Amino acid sequence: MKATTPEAPVVEIRRAIKQFRTPEGQRVPALAGIDLSVGAKEFVTLLGPSGCGKTTLLRTISGFEALDEGSIQIQGQEMNRVPPHARPVNTVFQNYALFPHLSVGENVGYGLSVRGVPKRERLQRVGEALEMVGMNGLQQRSPSQLSGGQQQRVALARAIINRPALLLLDEPLSALDRHLRQTMQRELKSLQNELGIAFVFVTHDQEEALTMSDRIVVLNGGHIQQQGKPTEIYDRPVNAFVAEFIGESNRFRGTLEPGDGGLGRLCLAGDEPLVLRRPAQSVAGELQVMLRPEQFCVHPPSGDRYASLKGRLTAKAFVGRDLEVILETRGGQPIKAALRGHDGQTLAGRELGDEVALWYAIDAPHVIAA
Amino acid sequence: MSTTQLSSTLETGAAPKARSRRPRWSLIALLGPVTAFLGVFFFMPLAIMAVFSLLEPGLYGGVVWNFYADNFGRILGWANGPIEEFDPVYLSILMRSLRIALITAALCLLVCYPVAFWVSRLPPRRRNFCLFLITLPFFASLIVRLYAWVLILRPSGALNGLLAWLGISDAPVGLIYTEAAVLIGLVYIMAPFMFLPLYASIEKLDRGLIEASYDLGAGRITTFRRVTLPLTLPGIIGGSILVFIPTLGNFIVPSLLGGAQVLMIGNLIEQQFLQARNWPFGAALAMLVMSVVLGLLTLYVRATLRRQATDVPGKEAQA
């Protein structure tokens with residue numbers, strides 16, 4: 001998966017600062033100094049909880065919010081004083097924002113008709129755009145006659161018909177049911193390949209972000225917490241927020257003591273130490289170590305170096321492919337594990353309250369800042 | 001229609017008796033009083049006026065029960081007898097009233113549209129306060145409010161005092177008893193009737209649609225013309241009808257602010273009933289106003305129905 005393209009970035013944001021005023025007169029930072037660039041054919045996802053600034057960032061790119069400080073360049077041009085209708089970007093809005101008084105065809109053709117594209121060309125391009133989203137032939141329908149998924153497609157067709165340099169998508173899939181959402185995720189991805197333009201996609205759904213993105217930008221409190229390929233973000237979160245927000249994680253807090261053979265021992269309160277490979281950079285004092293639920297197993301393969309954690313089985317639930325179990329260590333730390341295959345069958349046979357050992361590769365624990 | 005449906009189910013005995021009888025009785029109970037009230041106090045007087053408009057006026061007021069076509073003939077042109085004569089002045093007064101009503105509706109729209117937008121964007125508490133302010137004039141008597149305008153507009157009034165103080169004009173500007181004064185008064189009393197339906201449709205307008213229009217490359221004017229205006233059209237039409245119809249028949253404003261100079265059809269009707277004591281002619285004028293209003297409304301309803309009718313089959317044919 002390519003994370004960055006060598007070509008010039010289509011969007012370049014530098015030190016973007018934006019504050020909102022509450023009715024009580026307090027200033028709330030929405031963007032607290034964001035630096036971000038988006039490559040010409042990149043699929044970038046802005047991910048974060050509500051109120052993290054992701055929608056504000058998107059709206060500063062589209063021009064609906066002005067920055068207090070900092071600059072935004074699109075295709076090398078300064079955009080701070082350019083109104084939304086003059087920017088080479090288009091948006092797919094969260095609630096689709098289809099014009100209720102216009103037909104599907106007129107909605108899709110709106111961008112062309114306000115630019116004065118002649119009717120013949122307009123009709124042809126409307127047909128092409130609708131074809132791309134699999135909706136050709138429904139030009140005469142009214143938006144209210146369409147299902148949520150169809151409205152979504154029309155909104156997409158309407159946004160791409162102006163051939164923008166960049167397509168902004170503001171949580172476009174949040175109103176769809178799970179099955180449809182997955183279909184649309186695949187279609188969006190292939191549409192992006194077909195169009196060859198950059199997508200900036202806003203979501204609070206980490207699964208969606210992981211599936212679709214070339215690069216994920218995790219935002220919280222107006223700051224970029226981490227950006228990188230989905231695998232990077234998932235495997236090596238830089239802080240507790242990212243570890244918690246993306247996927248499920250077990251975190252252990254303690255102080256690191258050197259052990260033999262390049263190993264380290266994380267001393268936990270009230271528990272046996274957790275063995276791990278000593279991180280390359282020297283870390284001192286208290287730190288946190290993360291293990292993902294799927295990094296545990298019951299029968300460690302021989303040959304590799306594995307260590308174990310012990311605890312009482314307090315919950316188990318079969319969720320399809322995996323058996324999800326929760327252990328509680330002597331020190332009271334819960335450990336969540338997802339086990340499959342033989343491992344899962346083994347633990348499925350155990351009773352709640354039994355003492356169980358879970359194994360992990362000593363390379364697996366990821367050290368994050370405390 | 002619903003009563004006939006209900007009674008037909010009763011006759012076929014398809015539904016259990018108790019169930020179907022209850023809505024029928026409650027329907028009669030609910031609709032009965034208002035039907036009786038409107039029948040007695042609205043339809044009956046209207047019917048009397050319709051009949052009177054075709055009767056001969058009595059010499060000292062009242063009516064003589066003879067069919068008499070010259071009431072309408074005086075207005076529309078076929079009366080040329082020794083007693084009643086066609087006079088184009090009535091038609092010209094009607095035309096002036098139509099013009100004044102039209103201008104009033106247009107001015108109300110121009111004044112209220114931006115204000116309604118502004119109010120709809122206020123935070124809820126201030127918004128409700130503004131709505132209260134707009135309905136505030138209804139708490140004071142119409143006559144008192146119009147006399148206030150007389151005080152403002154008369155030659156020695158507040159407006160001329162202000163103009164003289166500012167040094168804009170030395171001689172008093174003769175504003176009162178002009179069509180302008182009548183228009184000012186009418187816009188003043190009619191503006192809330194325009195504002196409320198306008199506000200209702202503007203408040204419902206989804207801001208996201210305006211943003212979508214900008215996003216797709218439309219500037220402010222194009223967005224207004226192609227998104228905002230069509231989506232607030234129901235409010236514009238509703239408000240215009242609510243202003244136009246009462247303005248057309250208004251006689252208080254022209255008689256207080258227009259004097260003898262600006263006579264509207266309402267004044268004429270009032271004079272026929274109260275001063276000339278020619279009820280049949282007054283009734284004929286009133287019927288004429290009513291038929292003009294009904295005619296205009298019919299045209300409007302036809303136009304909207306036709307738009308819907310042309311929309312729907314087109315959609316189905318193409319889909």
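Since every read-out is calculated from the coordinates, none of them should be taken as a lab result. In this text the structure is predicted, and so the values were computed from the model without any measurement. Every residue, glycine as well, gets a Cβ built from its backbone with ideal geometry; the counts of neighbours run over all protein chains shown.
May I ask you to list the residues of the range A:146-163 whose amide nitrogen lies under 13 Å from a point 7 Å from Cα along the Cα→beta-carbon direction of A:R115? Only A:158-163 pass the distance filter.
Can you pull out the trypsin sites (Lys or Arg not before Pro) in the range A:1-91 that DSSP calls coil and that have at most 15 other Cβ atoms within 10 Å? Counting only loop positions with at most 15 other Cβ atoms within 10 Å, the trypsin sites (Lys or Arg not before Pro) in the range A:1-91 are A:K2, A:R81. Put a dot 7 Å past the Cα of A:V28, heading toward its Cβ, do the same for A:A66, and the two dots end up 2.2 nm apart.
With helices as the sole contributors, chain B gives -23500 deg cm²/dmol at 222 nm; each DSSP H run of n ≥ 4 counts as -39500 (n - 2.57), and the sum is divided by every residue.
Shape analysis of chain A based on the Cα gyration tensor places the equivalent ellipsoid semi-axes at 46, 25, 17 Å, largest first. In degrees between 0 and 90, to the nearest 10, how far off the longest principal axis of chain A does helix A:178-195 point, with axes built from Cα atoms? It is inclined by approximately 60 degrees.
Computed on the range B:17-122, the Cα convex hull volume stands at 237 Å³ per residue.
Between helix A:148-160 and chain A there is an angle of about 60 degrees, using the helix long axis and the longest principal axis of the Cα atoms.
Taking Rh as the Kirkwood radius computed over C-alpha pairs, what is the Stokes-Einstein D of the protein assembly as shown at 10 °C in a medium of viscosity 1.306 mPa s, expressed in µm² per second? Estimated via Stokes-Einstein, D reaches 48 µm²/s.
Rg and Dmax of chain B, both derived from C-alpha coordinates alone, stand at 25.7, 86 Å. Seen against the Cα atoms of chain A and their longest principal axis, helix A:104-114 is set at about 70 degrees. If you wrap the tightest convex hull around every Cα atom of the range A:4-96 and split its volume per residue, you get 119 Å³. Per the Debye formula on identical point scatterers at the alpha carbon atoms of the range A:139-243, with no solvent, log10 I(q)/I(0) at q = 0.16 Å⁻¹ is -0.79. Helices that extend 24 Å or more along their long axis by alpha-carbon positions and average at least -0.5 on the Kyte-Doolittle scale are, among the DSSP H runs of chain B, B:17-38, B:89-120, B:179-204, B:229-249, B:279-318. For the protein assembly as shown, the number of Lys pairs separated by eight or more positions or lying on different chains, with C-alpha atoms closer than 16 Å, is 9.
In terms of overall dimensions, the C-alpha atoms belonging to the range B:100-277 reach 60, 46, 31 Å along their principal axes, ordered largest to smallest.
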